[in-house]
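A quick write-up on the structure given underneath.
The values are calculated or read from the model by the stated rules, or taken from the named source; none is laboratory data. This structure is a prediction, so every number in the text was calculated from the model and none was measured. Virtual Cβ from ideal backbone geometry, glycine too; neighbours counted across all protein chains shown. Accessible surface is based on the protein model in full, side chains and every heavy atom, while ligands, DNA and RNA are left aside. Shrake-Rupley method; radii C 1.70, N 1.55, O 1.52, S 1.80 Å.
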Amino acid sequence: MNYDKEYDVNGIVQFDAAKELLKLLPKNVPRVLDVGCGSGKVTQLIREHTSAERIYAIDQSQQMIVEASNAYPSPTVSYIHSSIEDFDLESIGTLDRTVDLVTSNSSFQWFRDHSAALSNIRNTLSNDGVFVLQTPCKENWCPTIVSLIDDFFAQCYPQLKPHHHFPCMHLEEVDDYRQLFAENGFEVDEIYLKTFEYDLTVEDFLKVFKSGAFKVYSYQDWFDVTLPDGYTEALLQFVANYAKNHNQISISMPRVFAKLRKLYP
């Protein structure tokens, strides 16, 4: 499968979380930076909610930027291939030097270096700007999928599991996130945990798996040994077989929502 091309259709949980995230966003915001814009679908929600004059939508996947540009073109949105750690308004030739709002919907966990990323977000925000994000939390972030993956490794590739390194940062408690933000120069306006629960059809369960867990458990980057031929196909087949054996699959996914300001100008 092509993770980037299918994300717009598969991101069921991420899109529901984005609708919750909108409740924390201010309106009538001139300049916005959307970090990890993905397919562009959520960027469009942000544009409509904020009535932004300019949105800089960045993603570290070049393919995602292509998908977003094609699916959701807009004269007020600039799609830019960049990680948040490397992003610089000045380098893209804009007259803007700060933004009034930074958003991160289901991308915060993928930041390569959270201290560097948060520092860059602080530097990019105006003094009265806000950073609004939502991110998965808990080590057991989705018990159904975690158990499924444990079974997959145990039954199919027991030798591989010790060589897999979970690539996402999932802190355990809301207070852990509060501490991380304070340590990196942010004060919390609002922060809370919300668990999204679903009873999914076979088709929708496969979509949810492909929208996030597939990337976590199939990319060579997250293993310190070379993946064997046929590994990805075996993973998808195992998940499909699991889904076909259940008429309805219940999942729960806890996510942290936060609205932050600079701790000091």
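Among the residues in segment 67-79, are any without any contact (Cβ under 8 Å) to a residue 24 or more places away in the chain and closer than 29 Å to residue 197 by Cα? Among the residues of segment 67-79, not one is without any contact (Cβ under 8 Å) to a residue 24 or more places away in the chain and closer than 29 Å to residue 197 by Cα, which makes the answer no. Could you check, for segment 128-142, whether at least one of its residues is of a type outside the set (Ser, Thr, Tyr), free of Cβ contacts under 8 Å to residues at least 60 places away in the same chain and either exposed (fewer than 14 other Cβ atoms within 10 Å of the Cβ) or closer than 30 Å to residue 240 by Cα (or both)? Checking segment 128-142: at least one residue is of a type outside the set (Ser, Thr, Tyr), free of Cβ contacts under 8 Å to residues at least 60 places away in the same chain and either exposed (fewer than 14 other Cβ atoms within 10 Å of the Cβ) or closer than 30 Å to residue 240 by Cα (or both). Can you pull out every residue in segment 80-98 that is more than 23 Å from residue 62 (Cα to Cα) and either at pLDDT 95 or above or open to solvent by less than 70 Å² (accessible area, probe 1.4 Å) (or both)? 96, 98 - these are the residues of segment 80-98 that are more than 23 Å from residue 62 (Cα to Cα) and either at pLDDT 95 or above or open to solvent by less than 70 Å² (accessible area, probe 1.4 Å) (or both).
Among the listed residues 42, 35, 9, 29, which satisfies the condition of being in contact with a Lys or Arg (Cβ under 8 Å, 6 or more places away or on another chain) and of a type in the set (A, V, I, L, M)?
Details: 42 fails: in contact with a Lys or Arg (Cβ under 8 Å, 6 or more places away or on another chain); 35 fails: in contact with a Lys or Arg (Cβ under 8 Å, 6 or more places away or on another chain); 29 fails: in contact with a Lys or Arg (Cβ under 8 Å, 6 or more places away or on another chain).
Sole residue among the options that is in contact with a Lys or Arg (Cβ under 8 Å, 6 or more places away or on another chain) and of a type in the set (A, V, I, L, M): 9.
When you look at residue 147, is it open to solvent by 30 Å² or more (accessible area, probe 1.4 Å) and closer than 30 Å to residue 241 by Cβ, yes or no? Against the criterion (open to solvent by 30 Å² or more (accessible area, probe 1.4 Å) and closer than 30 Å to residue 241 by Cβ), residue 147 qualifies.
Can you find, within segment 99-127, the residue that is nearest to residue 260 (Cα to Cα) among those that are assigned to a helix (DSSP H, G or I) and either at pLDDT below 95 or open to solvent by 20 Å² or more (accessible area, probe 1.4 Å) (or both)? Going through the qualifying residues, I end up with 122. As a summary of the residue check, residue 174 satisfies the conditions (1) open to solvent by less than 60 Å² (accessible area, probe 1.4 Å); (2) closer than 23 Å to residue 3 by Cα; (3) touching a Leu at 6+ places or on another chain (Cβ under 7 Å) except for the one numbered (2). For segment 179-198, indicate whether the set of residues that are modelled with pLDDT of 95 or more, among the hydrophobic types (A, V, I, L, M, F, W, C), under 20 Å from residue 165 (Cα atoms) and buried (at least 16 other Cβ atoms within 10 Å of the Cβ) is non-empty. Looking for residues that are modelled with pLDDT of 95 or more, among the hydrophobic types (A, V, I, L, M, F, W, C), under 20 Å from residue 165 (Cα atoms) and buried (at least 16 other Cβ atoms within 10 Å of the Cβ), one finds none in segment 179-198, hence no.
Among residues belonging to segment 201-231 that are polar (S, T, N, Q) and without any contact (Cβ under 8 Å) to a residue 24 or more places away in the chain, point out the one that is surrounded by the fewest Cβ atoms within 10 Å (Cβ to Cβ). So that I can check it myself, show each step before the final result.
First, pick out the residues of segment 201-231 that are polar (S, T, N, Q): 201, 211, 218, 220, 226.
Now restrict to residues that are without any contact (Cβ under 8 Å) to a residue 24 or more places away in the chain: 218, 220, 226.
Numbers: 218: 18, 220: 11, 226: 9.
In this case the residue turns out to be 226.
Strands (runs of 3 or more DSSP E) fully within segment 1-96 that include at least 3 residues being closer than 26 Å to residue 188 by Cβ: 31-35, 54-59.
Criterion first (among the polar types (S, T, N, Q) and either on the phi > 0 side of the Ramachandran plot or out of contact with any helix residue (DSSP H, G or I) (no Cβ under 6 Å at 6 or more places or on another chain) (or both)) does residue 28 satisfy it? Considered against the rule, which asks whether it is among the polar types (S, T, N, Q) and either on the phi > 0 side of the Ramachandran plot or out of contact with any helix residue (DSSP H, G or I) (no Cβ under 6 Å at 6 or more places or on another chain) (or both), residue 28 comes out as yes.
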